[in-house]
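Notes follow once the structure below has been shown.
The values are calculated or read from the model by the stated rules, or taken from the named source; none is laboratory data. This structure is a prediction, so every number in the text was calculated from the model and none was measured. Because the Cβ atoms are built from the backbone with ideal geometry, glycine has one as well, and the counts that use them run over all protein chains shown. Ligands, DNA and RNA are excluded from the accessible area calculation, which covers all protein heavy atoms including side chains. Shrake-Rupley method; radii C 1.70, N 1.55, O 1.52, S 1.80 Å.
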Amino acid sequence: MTVGTVVALNRRLGLFIVRIDAGPEFAVFELVSNEVTLSLGCKVQGALHSMLEEVVVHLNSGERIEVVGQSGPLPEEMAYRLLG
């Protein structure tokens, strides 16, 4: 399981960007549920390199969050383009 930090949110589209392991890679995810309490700086853990439907864990609250990977690992600039 990989840990990452939420660095950007687009609540209108239900998308968020995670910086993977505080390194140079980023990934974009779509929330399956609208009732999730993500915010900037939250730590999440899961299959952050996946482009499938996954469950990640919000490490601050323990909440399990259903997501769909919208990208594999990307450079930061490309991730922000996908965010909209």
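Odds and ends about this structure:
- Residue within the stretch 38-47 that is without any contact (Cβ under 8 Å) to a residue 24 or more places away in the chain and either of a type outside the set (D, E) or not in a loop (DSSP other than H, G, I, E, B) (or both) present: no
- The stretch 2-30, subset in a loop (DSSP other than H, G, I, E, B) and at negative phi, residue most open to solvent (accessible area, probe 1.4 Å): R12
- When G23, G41, G72, G14 are checked against the criterion of being modelled with pLDDT of 95 or more and either over 10 Å from the mean Cα position of the chain (by Cα) or over 19 Å from G84 (Cα atoms) (or both), G41 stands alone in meeting it.
- Filter result for L82 (farther than 16 Å from M1 by Cβ and open to solvent by less than 50 Å² (accessible area, probe 1.4 Å)): no
- Matching residues in the stretch 31-66 - criterion: being of a type in the set (V, I, T), touching an Asp or Glu at 6+ places or on another chain (Cβ under 8 Å) and either open to solvent by 80 Å² or more (accessible area, probe 1.4 Å) or closer than 15 Å to T5 by Cβ (or both): T37, V57
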